[in-house]
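Undergrad: Right, I'll just put the structure down here and ask away after.
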Amino acid sequence: MTDPEVRPEEAPEVNREPPEKPLIPPKYYPLLPVIVVLLVMAALFLGPILVPGGSGGSSQEPSPTLTLSGTTTPASSTTFPTQPTATNTQETPTATASPTYPGPPDFSLATSPTSVTAGRGETVTYTMVIEGMNGFSAPVTLELTASALFVTRTYDFGTYDPPFPRTIQYPFTVPDYLPPGVAVDGTLRATGGGLVRENRLTLLVG
């Protein structure tokens, strides 16, 4: 008597999780290279536009530049008038004959005042007398050189023709910019017939 066939007991079925589905179906695998290329191109062209501060078509305004500008103030310097006013200049020719002295033709120059004190804006009238000797008949040119505060200016007082003697009066106005206490040293020079005569003048600003 034979034993009946013994069948192995089947293990009870256990809940099995279904296999996960792939992210990309296998049928799309041949298209993966094309998709990758498209994504890379999209990142290159769209990235600068979507990301703030990118260079894709957005122009950045140049940063403003600061320009410093200023003006320089020149240092004040003491100057004299370009030319003393010649208004009211008086020339008084005389008919008196020039005195005769031994020697060649000559002339002299007398000036007054030679030393004076005047305030700013005041007018000092200088009187100059040209005297001819021994038939002196050449024109005489008068020129004043004035110096004050390390500044020197030269003024043309004009040229005077004979007959001599000749008297010239010239008004000189003390400049307003000269401070009190400044001394103006001047040299009045007369030139004529190859001869030169000089008189020293001093004006103290009061």
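Undergrad: Kindly write out, for segment 149-155 in residue order, the coupling ³J(HN,Hα) from the Karplus curve 6.51 cos²θ - 1.76 cosθ + 1.60 (θ = phi - 60°), rounded to whole Hz, with x marking Gly and Pro.
TA: After applying 6.51 cos²θ - 1.76 cosθ + 1.60, I find 6, 6, 10, 10, 10, 10, 10 Hz.
Undergrad: Let me ask something else about it. Per residue, how many Å² of accessible area does segment 154-200 show with a 1.4 Å probe?
TA: For segment 154-200, the solvent-accessible area averages 46 Å² per residue.
Undergrad: At a 1.4 Å probe radius, carbon and sulfur cover how many percent of the accessible area of segment 117-206?
TA: 51
Undergrad: Okay, next question. Taking 0.36 nm per intervening residue step and subtracting the Cα-Cα distance, what contour gain separates Thr114 from Ser147 on full extension?
TA: Extra length available between Thr114 and Ser147 comes to 10.4 nm.
Undergrad: Shifting gears a bit: Using modelled amide H (1.01 Å from N, peptide plane; none on Pro or chain starts), what sits under 5 Å from the amide H of Leu201, excluding residues fewer than 5 places away?
TA: Gly186, Thr187, Leu188
Undergrad: Here is a follow-up. Which percent of Cα-Cα pairs in segment 147-206 sits in each 5 Å bin, short to long?
TA: 4, 12, 23, 24, 15, 11, 7, 4, 0
Undergrad: Give me the accessible area of Glu131, 1.4 Å probe, in Å² rounded to the nearest 10.
TA: Rounded to the nearest 10, that gives 60 Å².
Undergrad: Oh, and also: Quick one: ranking Thr123, Thr167 by accessible area, 1.4 Å probe, largest first, what do you get?
TA: Ranked from most to least accessible, the order is Thr123, Thr167.
Undergrad: Quick one: ranking Val116, Val205, Val196 by accessible area, 1.4 Å probe, largest first, what do you get?
TA: The ranking, largest first, comes out as Val196, Val116, Val205.
The values are calculated or read from the model by the stated rules, or taken from the named source; none is laboratory data. These numbers come from a predicted model, not from an experiment. Quick note on the areas: whole protein, heavy atoms, side chains included, nothing else; ligands and nucleic acids left out. Shrake-Rupley method; radii C 1.70, N 1.55, O 1.52, S 1.80 Å.
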